[in-house]
Every structure is written in C-alpha cells, then in structure tokens.
1. Over what distance in Å are the Cα centres of the range 121-190 and the range 10-32 separated?
2. Angle, helix 47-56 long axis vs. longest principal axis of the chain, Cα atoms, 0 to 90°, nearest 10?
3. Please compute the volume of the convex hull spanned by the alpha-carbon atoms of the chain and report it per residue in Å³.
4. Past 19 Å, Cα to Cα: identify those pairs from LYS134/LYS177; LYS159/LYS190; LYS54/LYS187; LYS68/LYS177; LYS89/LYS177, in the order given.
5. If the convex hull of the alpha-carbon atoms of the range 6-72 is projected onto planes in all directions, what is the mean projected area in square nanometres?
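Bear in mind that the values in this text are calculations on the coordinates, not laboratory data. Please read these numbers as outputs of a predicted model, since none were measured by experiment.
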Amino acid sequence: FPEAMAMKVTLVFPPSVSPSCIPLGIASLKAFIEKDTAGVDVRLLDLNLSFMNKILSGQCHDLHNICKRGNVVCKDIDRNCYFKGSLTKGQKAIFEKAKTVPRDKRLFFDREIFRLFFGDCYNYTRSFNDCISKIIINYLSGKLADSGIIREIFSEELKDMWSTRPDIVGFSILVNKQLLYSLALAKMIKESFNIPIVF
C-alpha cells in the first residue's frame, strides 16, 4: 500500500473474559506488524474491557426484555430474573469499587479485597454472559426473529470497531467463551461491510 493509502487493520480482543485479563497477544502483533510492514495502520480494540464496563455500569439493564425478544428459554425469566430493572445501589457501589482494583497494584494483589469486590462482579457478569450467549446462539443459527436485538446489544462495540473504516478486522481469542461473541460480531461486520475477517 502507498503511504497515502495505508491499509487500516483493527485487532479486536472480544468479550468475555475477566476484565483484569490484558490482551498482550494483539499488542505484540501490532508491534510486530508496525516494525516489519510499511503502509499498515494498526488499531487495537479491547472490546472485552469496554463491554464489561458497560455491564457493570448498568447500561444493559434491559436484558430481561431483550431475552424475551430473543427467544431465550430460561427458568427465571418471569420470576427471579437477575436482570429485571436497574442495578441496586449496593451493586453499583461494589462494581464501581471493583473497577478501581485492577488499577491499583496494592489492591489487586490483596486476595481478600480481590475476593470481596470481584466475587459479585464475577457472578453478575457470568449470569449476564449466559443470557447473552443464548441470544447469540439463536442469532447464529437463524432462530432469532428480530436480528435487531443483537445490534442493540453490540451497538457501541460495532460503532467503535467501524469508526476508523478498517480494511481488515482480526479477532484474538484466548478462551472458548470469546468465540460466540466473535462469531456474532464477525457476522454483523460481514453483513454490513463485507471486509476480510481473520480469527
């Protein structure tokens, strides 16, 4: 590519792993590409961190209704749903504190503090991901009547991914849980922009 027309590459670390997991793989790949390849502009996108922040800020509190629209079969959907309504004050306080822990070495390596604040976060995000995974499976298998649901869930992530108009998108998958999110995002990218995608 000529310098004036640099190829734009976006490398994505997708949901869903612990927010304390740092995507060193795509950081190393970016450094390697920029060192050895002229005319390539590489952007890193930690969608895992931004998605977790969205969940723990209560920005996805409508998941109960989204599940109903997404044909999710769940024993708790009409009774004890974890996601009916907004976050409680107690949840907000714990989640906000938990977000500061990975940024502070003293707190991060204190086992008791980590357990105290991340236990609730882990349970909440795990339940959230279980629900979202069911919707994604319905979307990928063509059983989702309203595919707009999936775009609602990932609207910010898609907007962020497409903000620089990349020529190619690469997904870095560390654990199995990230595969479903990656496949759903890749499908949406293909449907909208039809650019090459690398896993």
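1. Here the answer is 16 Å between Cα centres.
2. 20 degrees
3. Values: hull volume 26.0 nm³, N = 199.
So the per-residue Cα hull volume is 131 Å³.
4. Details: LYS134/LYS177 12 Å; LYS159/LYS190 14 Å; LYS54/LYS187 22 Å; LYS68/LYS177 22 Å; LYS89/LYS177 29 Å.
Where the Cα-Cα span goes over 19 Å, the pairs concerned are LYS54/LYS187; LYS68/LYS177; LYS89/LYS177.
5. Result: 6.2 nm².
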